[in-house]
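K.L.:
Below is a structure I'd like to ask you about.
The values are calculated or read from the model by the stated rules, or taken from the named source; none is laboratory data. These numbers come from a predicted model, not from an experiment. Note: ideal-geometry Cβ built from the backbone for every residue, glycine included; neighbour counts use all protein chains shown.
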Amino acid sequence: MGTQIASDLTPRRVSRVQTKYRRIVTDIPAPESIPVLERLRQFEPRSMSGQPPIVWDRAEGIQIYDRWGNMWLDWSSGVVVTNAGHGHPAIRQAMMERIEHGLIHNYCFPSEIRGELAAGLAKVAPEGLKKVFLLTTGSEACECAIKLARTHGKTINAKKITIVTYHNAFHGRTLGSQMAGGIPALKDWIVNLDPNMVQVPFPDGFRGLDTSFEGFLKALDRAGVTPDQVAGVMTETYQGGNASFAPPEYIQKLRNWCDQHRALLIFDEIQAGFGRTGKYWGFEHYGVVPDLICCGKGISSGMPLSAVIGRGDIMDLYPPGSMTSTHTGNPVCAAAALANLKVIEEQNLVENSRRMGEVMQPLLRQLGSRFPKHVGAVHGKGLVAALHMVRPGGIEPDSALATDIVRRCMEKGLLMFAPVGYAGASVKIAPPLVTPEDAIREGVSVLEEAMREAIQ
Ligand SMILES: Cc1ncc(COP(=O)(O)O)c(C=O)c1O
């Protein structure tokens, strides 16, 4: 998918930039960074070379620095991770204290810090979802939710094992999580797809034009699935690649349908959780509560940690010793996550995400409307958004244009990760939740400049 931003590492002469938030003082890639980039290309798989060719040396708050004097305003949050900003001092301090205290690993042996984090996450979760299983990655959290849903379904009837997910969904790259995803090209390698994992259209109102809940029922019918076979329905709260939300009425009907048929409703909040969308949990936009939440990324603002949070009767399906993980609640990661929860609360980051979203979302929609032939849709809420780039005259995705825009922004000191979403044609925007208004406005004007140059 997508076009690579820099297959050729030859430095390009770019205009110098100096503002409060951005500084570009070298050609790009910085000539002195080439040996580092070449070493990475030599020793890592090719799949790792998709991101803009800048060498991260330091990242603080809303800025990324290389070693050669350049500084980028960050619109990536890594990959929608650093909600509290990069390297928040309180998070660093909490990790250092934990290391100096003398506990850097605890497996499933009891530890105070793991208990504190489980309780802290239960506290921010909605009523009824008060058990927390800590893992390391988002993919693992989704795998675990699939396992729990099927195990739960089988307690009702032996055939209640179908997991329903959505077209274009992304839930991770391990076998089960990738199978649950809805991007066929990413699933070629699996070959023997599980016939009891089915995908239905996502009602985003752009590529999934039927936004009625009847569309869900019809799609199940077409797939030959009856409601009594469904163990669970899992969806990203917003589709990560395209920042697309479903209509609240659709999700409310889905909640009722799941209740009626004793299927679990699972929200993959790995991108949406911890304030990203202007609410603590993305599903609050829909006015429903799921049975299981998968979360990760913004849970710690930097350290590898994820969690499944859910109803006690589901989370307790497995007896002692049979649902565990080597690095569950690693003490240093747990310390980071606990400090992160505190920062989110004390710095009102959910509120900042909401307020800044009210500035950013209209600006991006106005920007999109200035290029109506090339921007098919602008989706998002709070501090996440995506511009869906298309070929003039239709909705065919234009990944080359999206890649060109991201590259131009990078050369001007505004950093986004490589385009994602449908056919790799979405320019995705995800600033840290500590971003102030003047930085949002500056970012949008840089994006506009890049789009003008790319589209002409
Ligand atoms: C919505 C969603 N689910 C799951 C994952 C997988 O998470 P991880 O890469 O930590 O395994 C991602 C990662 O991008 C994601 O965005």
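K.L.:
Mind listing whichever residues of the stretch 321-334 are surrounded by fewer than 24 Cβ atoms within 10 Å (Cβ to Cβ) and part of a loop (DSSP other than H, G, I, E, B)?
P.N.:
Of the residues in the stretch 321-334, the ones surrounded by fewer than 24 Cβ atoms within 10 Å (Cβ to Cβ) are 321-328, 331-332.
Of everything in the stretch 321-334, those that are surrounded by fewer than 24 Cβ atoms within 10 Å (Cβ to Cβ) and part of a loop (DSSP other than H, G, I, E, B) turn out to be Gly321, Ser322, Met323, Thr324, Ser325, Thr326, His327, Thr328.
K.L.:
Further question on the same structure: Those residues that are over 13 Å from the mean Cα position of the chain (by Cα) and not in a strand (DSSP E or B), I need them from the stretch 420-439; list them, please.
P.N.:
Matches in the stretch 420-439: Tyr422, Ala423, Gly424, Ala425, Leu433, Val434, Thr435, Pro436, Glu437, Asp438, Ala439.
K.L.:
Further question: Can you go through Ala377, Ala386, Ala337 and tell me which one is closer than 19 Å to Lys279 by Cα, part of a strand (DSSP E or B) and among the small types (Gly, Ala, Ser)? Spell out how you get there, then give the answer.
P.N.:
On the way: Ala377 fails: closer than 19 Å to Lys279 by Cα; Ala337 fails: part of a strand (DSSP E or B).
When all the criteria are applied, what remains is Ala386.
K.L.:
Among residues belonging to the stretch 305-320 that are in a helix (DSSP H, G or I) and not β-branched (Val, Ile, Thr), point out the one that is nearest to the ligand (Cβ to nearest atom). Can you show your working first?
P.N.:
Of all residues in the stretch 305-320, those in a helix (DSSP H, G or I) come to 312-315.
Those left that are additionally not β-branched (Val, Ile, Thr): 312-313, 315.
Details: Gly312: 24, Asp313: 25, Met315: 19 Å.
Going through the qualifying residues, I end up with Met315.
K.L.:
How about the stretch 1-89: which strands (runs of 3 or more DSSP E) wholly inside it have at least 1 residues that are basic (Lys, Arg) and under 30 Å from Ile344 (Cβ atoms)?
P.N.:
Working: elements: 58-60, 63-65, 71-74.
Output list reads 58-60.
K.L.:
What are the pairs, 6+ residues apart or on separate chains, where a residue within the stretch 154-174 that is over 19 Å from Leu193 (Cβ atoms) has its Cβ under 8 Å from a residue that is assigned to a strand (DSSP E or B)?
P.N.:
Qualifying pairs under 8 Å: Lys154/Ala231; Lys160/Val230; Lys160/Ala231.
K.L.:
What number of residues in the stretch 103-139 are surrounded by fewer than 17 Cβ atoms within 10 Å (Cβ to Cβ) and within 16 Å of the ligand (Cβ to nearest atom)?
P.N.:
Adding up the residues that qualify gives 0.
K.L.:
Only one of these is outside the structural domain of Leu383 (by TED's automatic domain parsing), in contact with a Gly (Cβ under 9 Å, 6 or more places away or on another chain) and either part of a helix (DSSP H, G or I) or within 22 Å of Tyr286 (Cα to Cα) (or both): Asn168, Asn256. Name it. I'd like the intermediate steps shown before the answer.
P.N.:
Numbers: Asn256 fails: in contact with a Gly (Cβ under 9 Å, 6 or more places away or on another chain).
Answer to the check: Asn168.
K.L.:
Collect the residues in the stretch 284-304 that are crowded, with 24+ Cβ neighbours inside 10 Å and within 13 Å of the ligand (Cβ to nearest atom), keeping them in residue-number order.
P.N.:
Answer for the stretch 284-304, where residues must be crowded, with 24+ Cβ neighbours inside 10 Å and within 13 Å of the ligand (Cβ to nearest atom): Ile293, Cys294, Cys295, Gly296, Lys297, Gly298, Ile299, Ser300, Gly302.
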